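Okay, so here's the structure we're looking at.
The values are calculated or read from the model by the stated rules, or taken from the named source; none is laboratory data. The structure displayed is predicted, hence computed values, not measured ones. Cβ sites come from the backbone with ideal geometry, for glycine too, and all protein chains shown count toward neighbours.
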């Protein structure tokens, strides 16, 4: 690997750091003292003095709110946030507390309407001057995918990067991004790893590694040997049901190098239970005590008749497959000494999986060797170097002028792609000079080219999304192309989209719609709803907790994988068929396989579960039953629980913010969190009733508690319960009855989850506004501001004719000023 001088490396870092500092400083510089109308009107201040002084006079004011500490200078972000909160609480009748002061509607309007106009006007002026979205860099996942697509490599580069901060569930909000020396060093390591992989792929012979194994090759347990590999039984390679770690590893599948592999497995079930097959998992890892973690690949239900499954997975060098029964409801075998000998499972009458054949081969989903070579080298003449066993540029055909011109042309072409817009001369000249200096210093053509590419990938033009606009804030076509591509695919614009931007077509009638349709069908675009729901619905946190096996005996990795698949398939149907957004919570269907239906305990009287297998299928459910809709999905119920327990507060906040679009502020510093029962309260309901007695808590809890209690019939693993389970010693025993009843802030009461679900499903305008807001946040890297609310309402109004269809909302977001303006 070529080493750039410390001086040049420092210059590259400084280049990024300057832009990062400028982006971080935008918030402070956004409101110069000369800006007009930045001070809140005196009438608004007088209103606070008249209506709020009794409860909020001084630092000991209720909820920690002191009206004397509220700044009237809207150029201070904290002051703007406070005035927006004040406006909203008066607007919705939360403050002053109705039980303390009866504020007549006319007085409230005389306060809220002028304040709304001032706040909105101030923010709109701010957006016109500085842009709604400030400097935004690529997230870890976006950076990884961009390097993969740019260089035609496949390695999971995000694994080399530190975890990112999530704000409101999102990792790429401009206001929350930072850039440190550590991150800069990490970025350089990631770039080097990507370039090394790309040049190796382009210049060295392709790996054609493949294996096709019969049962005897799969099995590795002759008589007398005890290990954790399969054994031969009646001509097939067998693994029995057991809780032993790594039992089911297949040593003969150890891969020789990092890469993507296609796995084709034919298997059948042995001694299955009467009513279902043997659910099995396919995972990968080093499968030894020094590396206990395994990566999920897939699952299947092994039945009497053999079936063939195909998977694609990234496997690091030295990893092998593990195939085993993974259903915790199955009877498990007992083996002594941490190993299994030949025939030791046969007489225990336990289920197993029999493997008939197993094939693996190296694949290149990001592009083959030829595509990588064309991306890096274009049409440069090559020759094969037998000593190095790799190709090299045939510089014998170059004179000095052509050598320089070819180097510059290759770097300019690469920079145009990397910067996602034509590279201007002033930006790229120093990069070109660096590469030429390396060449003049004796570096090979490839090393000089690599140095230039490395500098391109360390440029802020690559790391940050460059969004140029005209005086009115309208983004240019290249910025629109990048915003659309990163929104729908999480990566750089492809050739078709880039060509449309080059030709200035993206604002033509119907072009954005056509590009959206096309991108959603691409390999990356088909993953859009998975990417979006990971952040919007917190699904990427599903591994954060592991339920106690004593309480959740039926929960296992196959169930969790099916839960995620249920949600992804459900959202995909909403998108593909433009289903009304009310179905987000009120659907009379879901997606199930036989394992998940059994885990949920669904009967044929409740849902059409008779003919399910290991594939996710659309299942109609009885509308009177508590299944159907996002809030009943095990994935949602698991990520909104606290490990083994549920919390009405956690779930209430989540439903309010992620489904109903009601932002819940952080509790005041002087209000303690809900603690375990030490004050005589018998249930969580009684405990929270004590908490709500504080008027500073009641305003938020009137939004938190209704959905929180409505979901209490679902336990932390997503199953239905009528009674709480209480831990007594090392066991769990049935406790108090679950009471899901409550009252909405507007007075509408419900006595069951089904009644609550039907109640909020009717409020499709609110649901639509929430979905639109989260789509805008995910697409632009900026949360919805006060001045954006009217434009969100326009998006919602434009989709009313389609019953606020999910796809219609997506299309309206993409066509909106929020998306098409800086």
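Within the range 772-816, the set of residues being in contact with a strand residue (DSSP E or B) (Cβ under 8 Å, 6 or more places away or on another chain), farther than 19 Å from residue 586 by Cα and crowded, with 23+ Cβ neighbours inside 10 Å comprises 781 only.
Restricting attention to the range 771-806, the residues being under 19 Å from residue 579 (Cα atoms) and under 19 Å from the mean Cα position of the chain (by Cα) number 6.
Test residue 533 against the stated conditions and say whether it is in contact with a helix residue (DSSP H, G or I) (Cβ under 9 Å, 6 or more places away or on another chain), closer than 16 Å to residue 717 by Cα and at pLDDT 95 or above. So residue 533 does not fit the description; no. If we scan the range 606-623, do we find a residue that is assigned to a loop (DSSP other than H, G, I, E, B) and closer than 21 Å to residue 725 by Cα? No, the conditions are met nowhere in the range 606-623.
Within the range 143-177, the set of residues being buried (at least 16 other Cβ atoms within 10 Å of the Cβ), in contact with a strand residue (DSSP E or B) (Cβ under 9 Å, 6 or more places away or on another chain) and over 21 Å from residue 316 (Cα atoms) comprises 172, 173, 174, 175, 177. Taken over the range 178-195, the residue count meeting the criterion of being modelled with pLDDT of 85 or more and surrounded by 15 or more Cβ atoms within 10 Å (Cβ to Cβ) is 11. For the range 343-358, filtering for residues that are in contact (Cβ under 8 Å) with a residue 40 or more places away in the chain, at negative phi and surrounded by fewer than 17 Cβ atoms within 10 Å (Cβ to Cβ) leaves 2.
Please find, among 286, 234, 262, the residue that is farther than 27 Å from residue 559 by Cα and surrounded by fewer than 24 Cβ atoms within 10 Å (Cβ to Cβ).
Working: 286 fails: farther than 27 Å from residue 559 by Cα; 262 fails: farther than 27 Å from residue 559 by Cα.
None of the other options fit; the residue is 234.
Residue pairs whose Cβ atoms lie under 8 Å apart, sitting 6 or more positions apart in sequence or on different chains, and linking a residue in the range 25-54 that is at negative phi to a partner that is at pLDDT below 60 and surrounded by 11 or more Cβ atoms within 10 Å (Cβ to Cβ), are 38/31. Screening residue 822 against (1) within 30 Å of residue 177 (Cβ to Cβ); (2) surrounded by fewer than 21 Cβ atoms within 10 Å (Cβ to Cβ); (3) touching a strand residue (DSSP E or B) at 6+ places or on another chain (Cβ under 7 Å) leaves a single unmet condition, (2).
Here 731, 736 are screened, and the one residue that is more than 30 Å from residue 809 (Cα to Cα) and touching a strand residue (DSSP E or B) at 6+ places or on another chain (Cβ under 6 Å) is 736. Candidates in the range 289-312 are the residues that are over 30 Å from the mean Cα position of the chain (by Cα) and farther than 26 Å from residue 349 by Cβ; of these, the one that is surrounded by the fewest Cβ atoms within 10 Å (Cβ to Cβ) is 289. From the residues in the range 415-429 that are in contact (Cβ under 8 Å) with a residue 60 or more places away in the chain and assigned to a helix (DSSP H, G or I), which one is farthest from residue 146 (Cα to Cα)? Across the range 415-429, the extreme among qualifying residues is 417.
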